[in-house]
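Down below is the structure, laid out as structure tokens.
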Amino acid sequence: MKQFNDAITCSYPRLDRYISEYLGLIPRSQLKTARIKTIQLDGKSVKLAQKVVEGQQLHIEWELPTSSHLTPQNIPLSIIYEDEHVWVINKPQGMVVHPGSGRPDQTLANALAYRLQQSHAELYNTERPGIVHRLDMDTSGVIICAKDADTHQFLAEQFQQRTVKKRYLAVLDTPEVTPARGLIKNYIDRSRRIRTLFVCGEDSSRGRFAATGYRLLHRSDKYSLVLFKPYTGRTHQLRVHAKNMLAPIVGDPLYNPHRHPSELMLHAWKLQITLPGNNEPSTFMAPAPERFYQCLNIKKP
């Protein structure tokens, strides 16, 4: 039996999202299969759809199905920075952040579980040990992970409040990006026709608001290198905004599936976030990978 008992530190529209996205206790996909014995706000039983308000006292008791056990695996990681609170990792393209349907192991979560199992049991025993945010499987680059529960909450709060600054590099499937810089603003919703895809629209009743800044960095004969600055964090946001407002990202298997090369040209280049014990934010970078230089036919400095 697992327990959590603490004050709500950030208002959230739904309790299930607060538990899964903010606290990282139970993946949202597993909340219905988890054997929740008790879930209370201020001592009163509530439903998972309940809105939560900062200052409320949350108490949960639950068990996860045996089949959801996360196996620790000694997977090599490219560590950009490490201290007693965090790892900052350069995630390779193709690595899944946490287990899901069809991918039970060889994920970043499995690798972190291996590193946490001896010294940080409170995170090791969760389903997403140390995971604060995520990158798509085909996206490479900077991702920050927590070594303890207090750090996880400290970092997650910054993502929720949108004080974290992120920059992405992308190669677009066009030599012309016009205008050369701009701000994309609209609403993103899951496609009603193909549920694995997301679409853009202007209707606020169908989707969540999304904003992305962009700037052209380089042109080749076939492609354009663009810097993306996301102001929101919607699923597939950069990939959808690129396809609908500029041009698809080269190698995108969902939004540009019939074009070559076959590797997604999207890279989390820079992350700025405040670490525990610091007053000023720290900036971490993962250099553009080799596939970018090959695609753009430019020499690596």
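The values are calculated or read from the model by the stated rules, or taken from the named source; none is laboratory data. These numbers come from a predicted model, not from an experiment. So basically every Cβ, Gly included, is an ideal-geometry build from the backbone, and we count neighbours across all protein chains shown.
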Practice task
Could you give me the residue pairs with C-beta distances under 6 Å whose first residue belongs to segment 37-58 and is at positive phi, whose second residue is in a loop (DSSP other than H, G, I, E, B) wherever it lies, and which are 6+ apart or on separate chains?
Solution key: Asp42/Gln56
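Being at pLDDT 90 or above, surrounded by fewer than 20 Cβ atoms within 10 Å (Cβ to Cβ) and under 15 Å from the mean Cα position of the chain (by Cα) narrows it down to one of Lys185, Lys165, so name that one.
From the options Lys185, Lys165, the qualifying one is Lys165.
From Arg259, Arg219, Arg239, which residue is modelled with pLDDT under 90 and not assigned by TED's automatic domain parsing to the domain that holds Gly94?
Working: Arg219 fails: modelled with pLDDT under 90; Arg239 fails: modelled with pLDDT under 90.
It is Arg259.
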Completion exercise
If we ask which residues in segment 267-286 are more than 19 Å from the chain's Cα centre (by Cα) and closer than 16 Å to Lys91 by Cβ, their number turns out to be 0
Problem - Subset of segment 65-99 (residues that are modelled with pLDDT under 95, exposed (fewer than 14 other Cβ atoms within 10 Å of the Cβ) and not in a loop (DSSP other than H, G, I, E, B)) - result: Thr66, Ser67
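Go through segment 100-109 and give me each residue that's surrounded by 22 or more Cβ atoms within 10 Å (Cβ to Cβ), in contact (Cβ under 8 Å) with a residue 24 or more places away in the chain and either of a type in the set (Gly, Ala, Ser) or more than 24 Å from Thr283 (Cβ to Cβ) (or both). First the steps, then the outcome.
Within segment 100-109, the first condition is being surrounded by 22 or more Cβ atoms within 10 Å (Cβ to Cβ), and the residues that meet it are 107-109.
Remaining after also requiring in contact (Cβ under 8 Å) with a residue 24 or more places away in the chain: 108-109.
Within segment 100-109, just Ala109 meets the criteria.
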Practice task
Exactly one condition in (1) closer than 22 Å to Pro92 by Cα; (2) loosely packed, with under 14 Cβ neighbours inside 10 Å; (3) polar (S, T, N, Q) is not met by Ser140; state its number.
Solution key: (2)
Problem - Qualifying residues in segment 146-162 (those that are over 21 Å from His236 (Cα atoms) and of a type in the set (A, V, I, L, M, F, W, C)) - the one surrounded by the fewest Cβ atoms within 10 Å (Cβ to Cβ) - result: Ala149
Practice task
Answer yes or no as to whether Ala247 is surrounded by 14 or more Cβ atoms within 10 Å (Cβ to Cβ), in contact with a Phe, Trp or Tyr (Cβ under 6 Å, 6 or more places away or on another chain) and of a type in the set (Gly, Ala, Ser).
Solution key: no
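Condition first: charged (D, E, K, R) and within 17 Å of Leu197 (Cα to Cα). Now tell me which residues in segment 242-283 satisfy that. Write out each step before concluding.
First pass over segment 242-283, keeping only residues charged (D, E, K, R): 243, 252, 259, 263, 270, 280.
Lys243, Asp252, listed by residue number.
Filter segment 54-64 down to the residues that are surrounded by fewer than 14 Cβ atoms within 10 Å (Cβ to Cβ) and modelled with pLDDT under 90, then identify the one that is farthest from Leu108 (Cα to Cα). Show your work before the answer.
Let us first name the residues in segment 54-64 that are surrounded by fewer than 14 Cβ atoms within 10 Å (Cβ to Cβ), namely 54-55, 57, 63.
The next check asks that each one be modelled with pLDDT under 90; those that pass are 54-55, 63.
Numbers: Glu54: 31, Gly55: 33, Glu63: 23 Å.
So the residue we want is Gly55.
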